[in-house]
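Colleague: Here you go, one structure.
The values are calculated or read from the model by the stated rules, or taken from the named source; none is laboratory data. Please read all numbers here as calculations on a predicted model, not as lab measurements. Cβ placement follows ideal geometry from the backbone for every residue including glycine, while neighbour counts extend to all protein chains displayed.
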Amino acid sequence: MRTLVVATGNPGKLREIRQSLGELPVRVVGLRDLPPIGEPDETGDTFAANARDKATYYARATGHWCVADDSGLVVDALGGRPGVYSARYAADRCSDDAGRDIIDAANNARLLEELADVPDQCRTARFVCVLALSDGDRILLETSGTVEGRIAHAPRGGNGFGYDPLFLLPDRGVTTAELSPDEKNAVSHRGQATRRFADELRKLV
């Protein structure tokens, strides 16, 4: 059985990707399952560029096929920010050793501050995810997913991670943090991308 490294230390991302690939004949491991590997610099100005760079870097470092995702929140009223900087949008407000929960809370707080005077109809946003698979020499496949929504005025829900408590799905009247993991995976940007990824990966393995 081929080992597939998912280039993330985020347990939420790993869980979502592992769930979508569960029926494939691959052993899915995350970075926390491996000896420590230094992080690459994320210098791309698009989600796709960062996903490709991370997949190639970790495939070379581990000797295994590696899938990397780059994903984030694109807010129209902010000119597309936080975009590729979503995970570190409020990095200047956190200590270097801050945990993921603290970082997420700081990111959400900054987003709410910047949208404080923006009315509902102008708070449109989307989550974007790009997945890339590398063998260390080339990109074997790439998929993407997008989900449209709106930024709420306050966090709601205790599930998910990142900006989920603020990302409102208007047609459902809930944030993605108010969905169960299965419900979120059915509609999320990462769920879309990983289902497409699974379909393509099946042809390779």
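Colleague: Quickly run through segment 144-158 and pick out the residues that are touching a residue at least 24 places away in the same chain (Cβ under 8 Å), over 18 Å from VAL118 (Cα atoms) and either out of contact with any strand residue (DSSP E or B) (no Cβ under 9 Å at 6 or more places or on another chain) or of a type in the set (A, V, I, L, M, F, W, C) (or both).
Modeller: Correct list: VAL147 only.
Colleague: Tally the residues that are under 20 Å from ILE139 (Cβ atoms) and assigned to a helix (DSSP H, G or I), restricting the search to segment 52-76.
Modeller: Qualifying residue count for the region: 11.
Colleague: Looking only at segment 161-172, which residues are in contact (Cβ under 8 Å) with a residue 40 or more places away in the chain, out of contact with any Pro (no Cβ under 8 Å at 6 or more places or on another chain) and under 19 Å from ARG15 (Cα atoms)?
Modeller: Those that are in contact (Cβ under 8 Å) with a residue 40 or more places away in the chain, out of contact with any Pro (no Cβ under 8 Å at 6 or more places or on another chain) and under 19 Å from ARG15 (Cα atoms): PHE161, GLY162, TYR163.
Colleague: Now, a different point. Tally time: how many residues in segment 77-92 are outside any loop (DSSP other than H, G, I, E, B), over 20 Å from ASP104 (Cα atoms) and out of contact with any helix residue (DSSP H, G or I) (no Cβ under 6 Å at 6 or more places or on another chain)?
Modeller: Pass one, segment 77-92, residues outside any loop (DSSP other than H, G, I, E, B): 77-78, 82-88, 91-92.
Cutting the leftovers down to over 20 Å from ASP104 (Cα atoms) gives us 77.
Now restrict to residues that are out of contact with any helix residue (DSSP H, G or I) (no Cβ under 6 Å at 6 or more places or on another chain): none.
Summing the residues that are outside any loop (DSSP other than H, G, I, E, B), over 20 Å from ASP104 (Cα atoms) and out of contact with any helix residue (DSSP H, G or I) (no Cβ under 6 Å at 6 or more places or on another chain) in segment 77-92 gives 0.
Colleague: For GLN121, all conditions in the list (1) touching a residue at least 40 places away in the same chain (Cβ under 8 Å); (2) over 21 Å from GLY162 (Cα atoms); (3) surrounded by fewer than 16 Cβ atoms within 10 Å (Cβ to Cβ) hold save one; what is the number of the exception?
Modeller: The number of the failed condition is (1).
Colleague: Assess whether LEU201 counts as being in a helix (DSSP H, G or I), farther than 27 Å from TYR57 by Cβ, of a type outside the set (Val, Ile, Thr) and in contact (Cβ under 8 Å) with a residue 40 or more places away in the chain. Step through it out loud before you land on a result.
Modeller: Values: in a helix (DSSP H, G or I): yes; farther than 27 Å from TYR57 by Cβ: no; of a type outside the set (Val, Ile, Thr): yes; in contact (Cβ under 8 Å) with a residue 40 or more places away in the chain: yes.
Judged against the criteria, LEU201 is not a match.
Colleague: Criterion first (hydrophobic (A, V, I, L, M, F, W, C), closer than 30 Å to ILE151 by Cα, under 12 Å from the mean Cα position of the chain (by Cα) and modelled with pLDDT of 90 or more) does VAL75 satisfy it? Show your work before the answer.
Modeller: Values: hydrophobic (A, V, I, L, M, F, W, C): yes; closer than 30 Å to ILE151 by Cα: yes; under 12 Å from the mean Cα position of the chain (by Cα): no; modelled with pLDDT of 90 or more: yes.
Considered against the rule, which asks whether it is hydrophobic (A, V, I, L, M, F, W, C), closer than 30 Å to ILE151 by Cα, under 12 Å from the mean Cα position of the chain (by Cα) and modelled with pLDDT of 90 or more, VAL75 comes out as no.
Colleague: Among the residues of segment 1-22 satisfying the criterion of being free of Cβ contacts under 8 Å to residues at least 40 places away in the same chain and outside any helix (DSSP H, G or I), which is farthest from the chain's Cα centre (by Cα)? Reasoning before the result, please.
Modeller: Within segment 1-22, the first condition is being free of Cβ contacts under 8 Å to residues at least 40 places away in the same chain, and the residues that meet it are 1, 9, 11, 14, 18, 22.
From what's left, outside any helix (DSSP H, G or I): 1, 9, 22.
Working: MET1: 26, GLY9: 11, GLY22: 18 Å.
Result: MET1.
Colleague: Is there a residue being modelled with pLDDT of 90 or more, assigned to a strand (DSSP E or B) and in contact with a helix residue (DSSP H, G or I) (Cβ under 9 Å, 6 or more places away or on another chain) anywhere in segment 30-51?
Modeller: Checked against the condition, which is being modelled with pLDDT of 90 or more, assigned to a strand (DSSP E or B) and in contact with a helix residue (DSSP H, G or I) (Cβ under 9 Å, 6 or more places away or on another chain), segment 30-51 yields at least one hit.
Colleague: Looking for whichever is under 16 Å from ASN10 (Cβ atoms), of a type outside the set (Gly, Ala, Ser) and in contact with a Pro (Cβ under 6 Å, 6 or more places away or on another chain) here; the options are TYR89, TYR57. Which one fits?
Modeller: Numbers: TYR57 fails: under 16 Å from ASN10 (Cβ atoms).
Going through TYR89, TYR57 in turn, the sole match is TYR89.
Colleague: Search segment 153-183 for residues being crowded, with 23+ Cβ neighbours inside 10 Å and within 16 Å of VAL128 (Cβ to Cβ), and hand back the single one that is modelled with the lowest pLDDT.
Modeller: GLY162
Colleague: Another question about this same structure. Can you tell me how many residues within segment 161-179 are out of contact with any strand residue (DSSP E or B) (no Cβ under 7 Å at 6 or more places or on another chain) and either of a type in the set (Ser, Thr, Tyr) or over 22 Å from ALA77 (Cβ atoms) (or both)? Show your work before the answer.
Modeller: The first filter runs over segment 161-179 and keeps only residues out of contact with any strand residue (DSSP E or B) (no Cβ under 7 Å at 6 or more places or on another chain), leaving 161-162, 171-174, 177-179.
Add one more test, that the residue is either of a type in the set (Ser, Thr, Tyr) or over 22 Å from ALA77 (Cβ atoms) (or both), and what stays is 161, 178-179.
The number of residues fulfilling the criteria is 3.
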